[in-house]
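The values are calculated or read from the model by the stated rules, or taken from the named source; none is laboratory data. All values reported here derive from a predicted model rather than from experimental measurement. Neighbour counts are summed over all protein chains in view; Cβ atoms, including those assigned to glycine, are modelled from backbone coordinates with ideal geometry.
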Amino acid sequence: MAIERTFSIIKPDATKRNLTGAINAVIEKAGLRIVAQKRVKWSNAQAEAFYGVHKERPFFKDLVSFMISGPVVVQVLEGENAVAKYRDVMGATNPANAAPGTIRKEFAESIEANSVHGSDSADNAKIEIGQNFTDAEIVG
Ligand code: IDP
Ligand code: MG
């Protein structure tokens, strides 16, 4: 399996509770390298654009409000099979269904305030990384 990159977000519920380092420790322990990282506050337009794929879903408005309710830490993670591996490390969308040891099981508050985002495919990872980082900001 080739080395690949995925896009990650530490969401506002986690930044508010000062969990950036604790989540980064789980990421690094899983063998993923944080090759880009910045703490930012998204605008409404940025959050709507990022989650545009979900705009017809009933939770879309709430999700956008949540994602702009505090800072987020956006990241590029690199490693073997990084996209699928990080999905495993995150756990299920709903923390009630997440496996023990996953980030969402350990830290998430609810299906919405679920602490982290990770790309769901290599193609989406490329798009999401491009929306959030310049090439010069990613240092492998
Ligand atoms: P994922 O983050 O596990 O890929 P998606 O289905 O892509 O899950 O949903 C994107 C985000 O929308 C979730 O991480 C969560 O924050 C929120 N979300 C998903 N389903 C629900 C729901 O049923 N109610 C409220 N928020 C939801
Ligand atoms: Mg998703």
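What to note about this one:
- Filter pass, Gln75 being more than 12 Å from ligand 1 (Cβ to nearest atom), over 11 Å from the mean Cα position of the chain (by Cα) and closer than 26 Å to Ala45 by Cβ: no
- All positions within region 125-134 that are within 14 Å of ligand 2 (Cβ to nearest atom) and without any contact (Cβ under 8 Å) to a residue 12 or more places away in the chain: Ile127
- Taking region 104-131 as the range and being part of a helix (DSSP H, G or I), more than 17 Å from Ile23 (Cβ to Cβ) and not β-branched (Val, Ile, Thr) as the test, the residues that pass are Ala122, Asp123, Asn124, Ala125, Lys126, Glu128, Gly130, Gln131.
- Only a single criterion out of (1) touching a residue at least 60 places away in the same chain (Cβ under 8 Å); (2) surrounded by fewer than 19 Cβ atoms within 10 Å (Cβ to Cβ); (3) within 10 Å of ligand 1 (Cβ to nearest atom) is not satisfied by Gly140, namely (3).
- Filter result for Asn94 (polar (S, T, N, Q) and surrounded by fewer than 17 Cβ atoms within 10 Å (Cβ to Cβ)): yes
- The set of residues in region 93-120 that are under 13 Å from the mean Cα position of the chain (by Cα) and free of Cβ contacts under 8 Å to residues at least 40 places away in the same chain comprises Thr93, Arg104, Asp120.
- Test: residue in region 13-32 that is touching a helix residue (DSSP H, G or I) at 6+ places or on another chain (Cβ under 8 Å), within 16 Å of ligand 2 (Cβ to nearest atom) and not acidic (Asp, Glu): no
- Evaluation of Gly130 against the conditions (1) of a type outside the set (S, T, N, Q); (2) within 14 Å of the chain's Cα centre (by Cα); (3) under 11 Å from Phe7 (Cα atoms) shows that the sole unmet condition is (2).
- Whether a residue is farther than 21 Å from Lys126 by Cα, at pLDDT 95 or above and within 14 Å of the chain's Cα centre (by Cα) was assessed, and Leu19 passes this test.
- Test: Glu112 is in contact with an Asp or Glu (Cβ under 9 Å, 6 or more places away or on another chain) and within 10 Å of ligand 1 (Cβ to nearest atom): yes
- Per-region count, region 18-62, residues out of contact with any Leu (no Cβ under 7 Å at 6 or more places or on another chain) and free of Cβ contacts under 8 Å to residues at least 60 places away in the same chain: 30
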